[in-house]
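Beneath this line is the structure, given in structure tokens, with notes to follow.
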Amino acid sequence: MLKRVAVVGAGAAGLCAARHILSRPNSFAPPVVFELTDKVGGTWCYDERVGTYDNGRPVHSSMYRDLRTNLPKEVMMFPDFPFDPQLSSFLPHQEVQKYLESYCQSHHIRPHIRFSTVVENVKPVVMTTEDEEERTTWEVTSSDSSGCQKTETFDSVFVCSGHYSDPHIPDIPGMENFKGQVLHSHSYRYAEPFSGQSVVVLGAKASGLDISIELAKVGAKVTLSHRRPRLTLPLPSGIQQSSAVVAVEDDGRLRFQDGSVSEADILMFCTGYNFRYPFLDGDQLGLKIQNNVVSPLYRFLLPPTFPSLFFIGICKIICPFPNFNCQVQFALAVLDGSVTLPSQAKMADEVRQELQEKVARGVEQRHLLIMDQDQWEYCQTLAHTAGFPLLPPVVRSLYEEVAQQRQIHPQNYRRLNYRVISETEWELVNRSADSD
């Protein structure tokens, strides 16, 4: 019997899952891919609308007009599907969207996608077979744009719905006193409306830094407010750094950690996103789904209690597409029986131990899913266990080079262009004339 797999989301992770399922016709029936919007691409699909769609559902994408990738295409690509070599290394989001459309077309995925379809509920059904073994199937309830609802049964579900759509807004005492405009980067699209305004940007990770630089270019007076040690990288003259905002005074002014107080026209939260899976019942799955962590997940992929449910791309600070590619192949090896998982108790134990080690190293709860340097060994382990090709070492080497360049030239590192020469070597080709 061919296994039936449901894939939730047709962004990069969902397309990758569908591509690998379709390449194994002896083990799997063609997938059913459920996509909320009417396009593939997920977060890469730019939409000027903010707030809600016409159907009242929240706008999914967090893409802004002038975003360019902060990883070069040589590192970003799915290992078996290169970008057009004519393109520069750091791409506008439109090129990534085109790439995903072309990936979808090349692997004939589109016929298997149900667009404008919402997954309402994913529920495990546990049955005992004749030989006393427990077998889990999944009931997936979805509704299409006409509101027609149906429930279907699958052997496995891949959750590929991303984690850049539910904005995380920290609780700041006195927030109701703020007199200016408050928004999250999820609803930011371009800088021009902020010209000449004083903007306090909360958070100095990738988007906070990027958006601050965009705002400074149009003449906004930017205060980059964050809890981290003072950034030493060179910033444009329109940006000043400050400590974290701790409260809003009765008169609407902002109070910072260092005791200083200041007014602002705009408060922009670049404070990341929450994990949100409205179609899953965490308690039923033995999972704790919190704003910034989903646990326990064996190999950051599957709940030990239900090892045929897979979360693809849940980790942060990774090379996303190569990471999805490894996770998907490992998950399919579990499903087709070529990888045997440890017992439920052993998997739960391993996850617990891993989390305890991180906490002992001083990792905060909200950073437990950040991989960064651990991603290489992680992908290697998955590849060794499931017997698929390892990521070539050049991916790591170039990823680390770019991370360094980003620290030195936060405004200009995207002018650099790279070329991969072999599995282990890359070279710098030239600088693009266009600035960031």
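The values are calculated or read from the model by the stated rules, or taken from the named source; none is laboratory data. The model shown is predicted, which means the values in this text are computed figures rather than measured ones. Note that each Cβ is placed from the backbone with ideal geometry, even for glycine, and that neighbours are counted across all protein chains shown. These area figures cover heavy atoms from the full protein model, side chains too; ligands, DNA and RNA do not enter into them. Shrake-Rupley method; radii C 1.70, N 1.55, O 1.52, S 1.80 Å.
Residues in the range 222-239 carry Karplus couplings, in order, of 9, 10, 8, 9, 7, 8, 7, x, 3, 6, 9, 6, x, 10, x, 5, x, 10 Hz; the curve used is 6.51 cos²θ - 1.76 cosθ + 1.60 with θ = phi - 60°, and Gly or Pro positions show x. Only helical runs count toward this figure. For the chain, summing -39,500 (n - 2.57) over DSSP H runs of n ≥ 4 and dividing by all residues gives -7500 deg cm²/dmol at 222 nm.
If you roll a 1.4 angstrom probe over the protein chains with everything in place, what fraction of the accessible area of the range 38-119 belongs to carbon and sulfur, to the nearest %? C and S fraction of accessible area: 52 percent.
Surface analysis of the chain yields an accessible area of 47 Å² per residue, using protein heavy atoms and a 1.4 Å probe.
Taking Rh as the Kirkwood radius computed over C-alpha pairs, what is the Stokes-Einstein D of the range 275-329 at 25 °C in a medium of viscosity 0.890 mPa s, expressed in µm² per second? Can you show the working numbers first?
Working: Rh = 11.8 Å.
Taking Rh from Cα pairs, D becomes 208 µm²/s.
Remark on Lys316: its backbone amide H falls under 5 Å from those of Ile370, Met371, a criterion applied only to residues 5 or more positions apart or on other chains, H modelled at 1.01 Å from N.
Tell me the label-point distance for the pair Gln356, Ile421, using the 7 Å Cα-to-Cβ offset, in nm and rounded to one decimal. Each label point lies 7 Å from its Cα, and together they span 4.8 nm. I need the shape label for the range 22-161. Rule: rounded when a/c is under 1.5, else prolate if a/b > b/c, else oblate, with a, b, c from the alpha carbon gyration tensor. Oblate is the answer for the range 22-161, as a/c is 1.5 or above yet b/c matches or exceeds a/b. Given in Å, the Rg to one decimal and the Dmax to the nearest whole number for the Cα atoms of the chain are 22.5, 73. Sticking with the crude label model, points 7 Å out along Cα→Cβ, report the distance from Leu341 to His108 in nm, one decimal please. The answer from the label model is 3.1 nm.
In this model, which of Lys205/Lys358; Lys179/Lys205; Lys39/Lys98; Lys73/Lys221 are farther than 23 Å apart at the alpha-carbon? Kindly include the intermediate steps, with their values, before the conclusion.
Working: Lys205/Lys358 21 Å; Lys179/Lys205 26 Å; Lys39/Lys98 11 Å; Lys73/Lys221 33 Å.
Correct reply: Lys179/Lys205; Lys73/Lys221.
On the range 249-327, 41 percent of the accessible area sits on carbon and sulfur atoms, based on a 1.4 Å probe. Roughly how many percent of the accessible protein surface of the range 351-436 is carbon and sulfur, given a 1.4 Å probe and a whole-percent answer? Ligands and nucleic acids excluded, carbon and sulfur give 48 percent. Distance between the C-alpha centres of the range 26-51 and the range 318-342: 20 Å, rounded to the whole angstrom.
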